[in-house]
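Below: one structure, written as structure tokens.
What follows is calculated from the coordinates using simple rules that are stated; it is not laboratory data. This is a predicted model, so every value here is computed, not measured. Reconstructed Cβ throughout: ideal geometry from the backbone, glycine too, with neighbour counts over all protein chains shown.
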Amino acid sequence: MLADALQQLRGSRLQPVINGTGIIIHTNLGRAPLGSVVAEALVRAARNYTSLEYDLVTGERGQRAPYLEENLALLVGSEAATIVNNCAAALVLLIRHFTQTAERNEVIVSRGELVQIGGGFRIPEILEASGARLREIGTTNQTNVSDYAKAINQRTALILKVHRSNFYIEGFTRSAAPEEISAVAREKGIPFVEDLGSGAIFETEAVLGNGQRLDHERRPVEALSQGVDIVCFSGDKLFGGPQAGILAGSFARIRALKRDPLFRALRCDKLVLAALEATVDLYLRNDLREIPVQTMLALTNDALAERIAAIIAGLKNVPVSANSRPGKAQVGGGTLPRSTIDSLTLELHCSEISAAELASRLRQAVPPVIGYISEGCYRLDLHTVFPEQDQLLVAAIKGAIRTATASSPIPC
Ligand SMILES: *Cc1c(COP(=O)(O)O)cnc(C)c1O
């Protein structure tokens, strides 16, 4: 009992884990891991005083993160950009900012976009909690531009478009084109905002490592060029940076958002700013190899096959049957739900212990190893395991099997 309690306490610490799930942006495992260049920038900012709000030219108080904001705007193709804690915070800021008076607090959203993202983040509830009135239009599968036009009245504060990140609807469907909505919004002087969720920088349908293509994920530049006034998206989904909510749009709009009193409560600390600045620099230099989410997308099965063969060789004298099996990795993080990525998995079978018991033992390894069970077999998808973790994986499997066989006289 005491041992169990201690184990639980130890397990409750935030600690690195080996991700063998094949889900690249795994929300429960902390979404995007950072590469070494970005991690070093973060450590430098952590260990030193920084020029966070200090102007080195004048020696006076300066702006917060002007370099980052400038480069972010450049990267996403907007006039201006800024950052808050996460995309949910960006959305709350936008809604609060545009619905400040009781006479003008209606937010128009298509019924096909009243979505739930992850645990407990529901668009209608966010709107309500932000003091806005939701004005639903259209139906689940069909919303036309005329639905938007008809819904606009004296109380309309905002038109909100929400990306269907984590699901898709097929069949008799139609959504109004952003250009059409934008034309109506402009005519009536209503701001038009889009929550992009993931916000891809590169073309997701470009060829992946295995010659496959992902579905198309909307990019900020696309939305902005279609007449959306402000976009928001996460820093730690496909973007592959630290947790952040990125807002991009015109100078005037972004300046106004930054002057909102709520902005101060949602702003990022120097660690996030340093990590995001380094990530943006990598994109601008086109050095995607330093962004792990991007390198994982570019992995080939040939590279994985070589690594699995070495792992299997490392387990030669261990009483476990280890085999290479085809698998399907995913982008995850509620992004591109239809796209899977061909991958290879290490399938482990030990006749002494069940797949569930093996999974439990590997979760207790140091570092913990997280795999999954498919068709009754325990599997580790190598797509999301970093090559430098392969030997840790071998050691963890040896340890798990040893404890299994030590408690039983019959070998696996
Ligand atoms: C993920 C997501 C969010 C929330 O982003 P966080 O950065 O986790 O706060 C909001 N909107 C959409 C459409 C998303 O996909």
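Quick notes on this structure:
- Computed [θ] at 222 nm, deg cm²/dmol, the chain (DSSP H ≥ 4; -39,500 (n - 2.57); rounded to nearest 500): -11000 deg cm²/dmol
- Global form of the range 343-401, assessed from the alpha-carbon gyration tensor, a/c cut-off 1.5: oblate
- Per the Cα gyration tensor, the chain maps to an equivalent ellipsoid with semi-axes of 43, 25, 20 Å, ordered largest to smallest.
- Placing +1 on the Cβ of every Lys and Arg and -1 on the Cβ of every Asp and Glu, with nothing else charged, gives the chain a dipole about its Cα centre of roughly 780 debye.
- Inverse mean reciprocal Cα-Cα distance (Kirkwood Rh) of the range 301-356, Å: 13.0 Å
- The order of D4, D381, going from fewest to most other C-beta atoms within 10 Å of their C-beta, is D4, D381.
- Candidate lysines - alpha carbon under 29 Å from K398, same-chain residues fewer than 8 apart omitted: K316, K328
- For the range 299-356 and the range 219-235, distance of Cα centres in Å: 37 Å
- Given their separation in residues at 0.36 nm each and the Cα-Cα distance between them, S321 and Q7 gain 110.2 nm when the chain is fully extended.
- Residue-span extension gain [T300 to V207] - 0.36 nm each, minus C-alpha spacing: 32.3 nm
- Ratio of Rg to Rh over the range 48-128 (Cα coordinates, Kirkwood Rh, two decimals): 1.11
- Rotationally averaged projected area of the range 136-219 (alpha carbon convex hull; nm²): 6.7 nm²
- Sequence of L196, L14, L93, L392 once ranked by neighbouring C-beta atoms within 10 Å, starting from the fewest: L14, L392, L93, L196
- Cα convex hull of the range 1-65 - mean projected area over all directions, nm²: 7.8 nm²
- Set of lysines near K161 by C-alpha distance (under 28 Å), chain-local residues within fewer than 8 positions excluded: K150, K188, K237, K258
- Each of C377, C232, C350 has some number of other Cβ atoms within 10 Å of its Cβ, and from fewest to most they run C377, C350, C232.
- Compactness relative to 2.2 N^0.38 Å, alpha carbon Rg of the range 284-412: 1.13
- Cα-based helix-to-principal-axis angle, 36-47 vs the chain, degrees rounded to 10: 70 degrees
- One decimal place: the segment E388-V366 gains 6.4 nm when fully extended, by the rule 0.36 nm per residue minus the C-alpha distance.
- Each of P242, G211, L196 was placed along the dipole of the range 193-253 (beta-carbon charges, centred on the mean Cα), and the one lying farthest toward the positive end is P242.
- Note on A356/A313: beta-carbon distance plugged into 1/(1 + (r/R0)^6) with R0 of 30 Å gives a FRET efficiency of 0.65.
- Rounded to 5, the percent of DSSP beta bridges in the chain classed as antiparallel: 60 percent
- Cα gyration tensor shape of the range 87-245, rounded if a/c is under 1.5, else prolate or oblate by comparing a/b with b/c: prolate
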